[in-house]
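Asks: Got a structure here, written out as structure tokens. Questions coming.
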Amino acid sequence: MSDAILTENLSKRFWRGTTAVAGLTLRVPEGTVCALVGPNGAGKSTALKILLNLIQPTGEEARLLGRDSTKLGARDFQEIGYVSEDQRLPLWMTPRQYLDFLRPFYPKWDEGFREKMSGLLDLDLTRRLKQCSRGMRMKAALLAATAFRPRLLILDEPFSGLDPLVREQFLQGLLELTQEEGWTILLSSHDMEELERIADTVAFLDTSHLLLHEPVDALLERFRRVEVPLVPDHAGARNLPATWLEFREGNGFAHFVDAAWSPEAFAQGLRAIGADPAQAQCVRLSLREIFVVLAKQSQRDRGA
Amino acid sequence: MLPFSVQFRPGVPAYEQVVRAAQRAIATGRLRGGEPFPSVRAMSREFSLTPNTCQKAVTALVNAGLLEVRPGVGTMVAMLPASDPATATSELRERIDQLVIEARQRGIPLETLSRSLAQAWNDLEPNESDE
């Protein structure tokens, strides 16, 4: 499988000296959905804009569909769809007029596929965009970015400000694209529940740095919230495994989040502090909870 | 319509939830041996999951011996050999032991545990759980 996106040590430092992206190394194989998550201001949008050649990187390079991102031109954008967070649309047009305007630029424009997507998204094509809600505008933007069957679709915060029904329709639209041959999606988002369903991998960006990039399933599998009774005069919370986060004691119990849970290592760790593994309660974390744990941890690491 | 549905909840890998729902459908006879299993594409649409996730669920079910891939035909629910009750029970013994140990540690009396078991058993009865 070839890589739809490959960046090595990608960086962006603005002229005032602010670093927006620091040494980003990211590989997104073709045919997968990668979610870029991270706190506001982590550098997600900047990273996406570098990939799309909208801003120039200051260090190293990125390759999209095998081509240098700084050399992407009109021909390449016939294979790349992009919807930005504040996508500008010609508000005086109706979605139909806008789509008719775009069509001639794309040799691979597929009216049949566009039709199917309009149906899935349930979009009224005849109302002026100026009079459309945010949800309808986002749908129009998604239609415009997918009607030419792009091989790579990049979305910046696609779900923000959408009501649950529109979110579901939007999700269905994205999934329709994944039924096509040779598609890849990279999206930034804070909507963890949607991501848990649709993303194959999650890349966590914080203060310009990539903290992790791994399969959603693996991430969900390795996190557990643990509650375990402590024996009196136990060895105590010294030399705890580094993967036990947010460790605290109270009322004879220890509470923590294990970020590298495996039955064996976990039992061993508990015995070391004088707790009985059989009495431990382990609960899985949702992607949203994992995000909060990681963001807090990263904040603590920076403070230290 | 697919022969089984999934109520997704966050925190458990989506493919695992599909696997469990399919196992349940097979255990209750809603899906029978020799019947076709839904395609990756159909599941992807119905459950709003990517094809990768659905493929992963199918692979897990094939590895567990619950599905068979017949070239040119598709994925079928496997015909399970009628298992010898004695062997089957002994295979489950270890998990039963574990369950009993946990129940005793938490001070759950046998009566309550049996009731929960019976409840879980009845919940799987096809006639009652048919939506």
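The values are calculated or read from the model by the stated rules, or taken from the named source; none is laboratory data. Model, not experiment: these values are computed from the prediction. Glycine gets a Cβ as well: all are built from the backbone with ideal geometry, and neighbour counts include every protein chain shown.
Asks: On the basis of being in a helix (DSSP H, G or I), out of contact with any strand residue (DSSP E or B) (no Cβ under 7 Å at 6 or more places or on another chain) and at pLDDT 85 or above, does B:Ile96 make the cut?
Replies: yes
Asks: All but one of (1) more than 14 Å from chain A (Cβ to nearest Cβ); (2) in a helix (DSSP H, G or I) hold for B:Ser5; which doesn't?
Replies: Every listed condition holds for B:Ser5 apart from (2).
Asks: Do you know which of the residues in the stretch A:153-176 that are more than 14 Å from chain B (Cβ to nearest Cβ) and crowded, with 23+ Cβ neighbours inside 10 Å is modelled with the lowest pLDDT?
Replies: A:Pro158
Asks: Restricting attention to the stretch A:277-304, which residues are over 27 Å from A:Leu36 (Cβ atoms) and in contact with a Leu (Cβ under 7 Å, 6 or more places away or on another chain)?
Replies: Passing the criteria: A:Pro277, A:Ala280.
Asks: Then there is this: Mind checking which pairs have a first residue in the stretch B:93-120 that is of a type in the set (Gly, Ala, Ser) and a second that is surrounded by 11 or more Cβ atoms within 10 Å (Cβ to Cβ) and not in a helix (DSSP H, G or I), Cβ under 8 Å, 6 or more apart or different chains?
Replies: none
Asks: Out of A:Leu195, A:Leu174, which single residue is in the same structural domain as A:Arg114 (by TED's automatic domain parsing) and either in a strand (DSSP E or B) or within 25 Å of A:Leu102 (Cα to Cα) (or both)?
Replies: Unique residue meeting the criteria: A:Leu174.
Asks: Now a separate question. Filter the stretch A:123-132 for residues that are surrounded by fewer than 19 Cβ atoms within 10 Å (Cβ to Cβ) and not aliphatic (A, V, I, L, M); which is farthest from A:Leu91 (Cα to Cα)?
Replies: A:Asp124
Asks: Something else: Please find, within the stretch A:245-295, the residue that is farthest from the chain's Cα centre (by Cα) out of those that are of a type in the set (Val, Ile, Thr) and within 12 Å of chain B (Cβ to nearest Cβ).
Replies: Across the stretch A:245-295, the extreme among qualifying residues is A:Val283.
Asks: Shifting gears a bit: Considering the stretch A:177-211 alone, what residues qualify as being free of Cβ contacts under 8 Å to residues at least 12 places away in the same chain and within 10 Å of chain B (Cβ to nearest Cβ)?
Replies: A:Gln179
Asks: It is to be established whether one or more residues within the stretch A:20-27 are outside any strand (DSSP E or B), buried (at least 21 other Cβ atoms within 10 Å of the Cβ), assigned by TED's automatic domain parsing to the domain that holds A:Phe204 and at pLDDT 85 or above.
Replies: Scanning the stretch A:20-27 turns up no residue that is outside any strand (DSSP E or B), buried (at least 21 other Cβ atoms within 10 Å of the Cβ), assigned by TED's automatic domain parsing to the domain that holds A:Phe204 and at pLDDT 85 or above.
Asks: Sticking with this structure for a sec: Please determine whether any residue of the stretch B:43-56 is of a type in the set (Asp, Glu) and within 17 Å of the chain's Cα centre (by Cα).
Replies: Within the stretch B:43-56, not a single residue is of a type in the set (Asp, Glu) and within 17 Å of the chain's Cα centre (by Cα).
Asks: Restricting to the stretch B:8-52, and then to whatever is away from chain A (no Cβ under 14 Å), hydrophobic (A, V, I, L, M, F, W, C) and surrounded by 14 or more Cβ atoms within 10 Å (Cβ to Cβ), can you tell me which residue is farthest from A:Pro215 (Cα to Cα)?
Replies: That would be B:Leu31.
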